[in-house]
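The values are calculated or read from the model by the stated rules, or taken from the named source; none is laboratory data. Bear in mind that the values here come from a model prediction, so they are computed numbers and not experimental data. For neighbour counting, all protein chains shown are included, and Cβ atoms are generated from backbone atoms with ideal geometry for every residue, glycine included.
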Amino acid sequence: MPIGVIIFSLIMLFSEIKKMYSIAIKINRKGIQIFRRLLIKWEDIESEKIISRIFSSRESIHDFKSTVNYLQFYSKDEKIEIEIDNLDVTDYELSNYLTTYRKKFDEEKLN
């Protein structure tokens, strides 16, 4: 096997490992924490939702399209979007977590 193929494979492997560890989202009663950032409290979060964007490449003869899913919310007038396709949960599960913990926060706020 040529050394170039081995080096390329190692670079791709390390790139995937780095990507895997750079995306982490923690959702609980207190709020949302994105890897290596402070916790964003529910009281500072608005309009949390899962969105999808379709990207297309017209440079190819095959009109290639791909869909990328994001967690999107606003915090203190800042729009935050995190790509979620590489997480261990589906977008449906993540949406359920958002709904569940938002509801718990709202209920605690009323009491």
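Report whether or not E83 is farther than 19 Å from N28 by Cβ, surrounded by 12 or more Cβ atoms within 10 Å (Cβ to Cβ) and either charged (D, E, K, R) or out of contact with any Phe, Trp or Tyr (no Cβ under 8 Å at 6 or more places or on another chain) (or both). So that I can check it myself, show each step before the final result.
Numbers: farther than 19 Å from N28 by Cβ: yes; surrounded by 12 or more Cβ atoms within 10 Å (Cβ to Cβ): yes; either charged (D, E, K, R) or out of contact with any Phe, Trp or Tyr (no Cβ under 8 Å at 6 or more places or on another chain) (or both): yes.
In short, yes.
Give S95, S47 a once-over and let me know the one that is of a type outside the set (A, V, I, L, M), surrounded by 13 or more Cβ atoms within 10 Å (Cβ to Cβ) and either under 17 Å from the mean Cα position of the chain (by Cα) or in a loop (DSSP other than H, G, I, E, B) (or both).
S95
Look through the range 20-34, keep the residues that are at pLDDT 85 or above and not in a loop (DSSP other than H, G, I, E, B), and return whichever of them is surrounded by the fewest Cβ atoms within 10 Å (Cβ to Cβ).
K26
What's the number of the only condition in (1) surrounded by 13 or more Cβ atoms within 10 Å (Cβ to Cβ); (2) modelled with pLDDT under 90; (3) in a strand (DSSP E or B) that F73 fails to meet?
(2)
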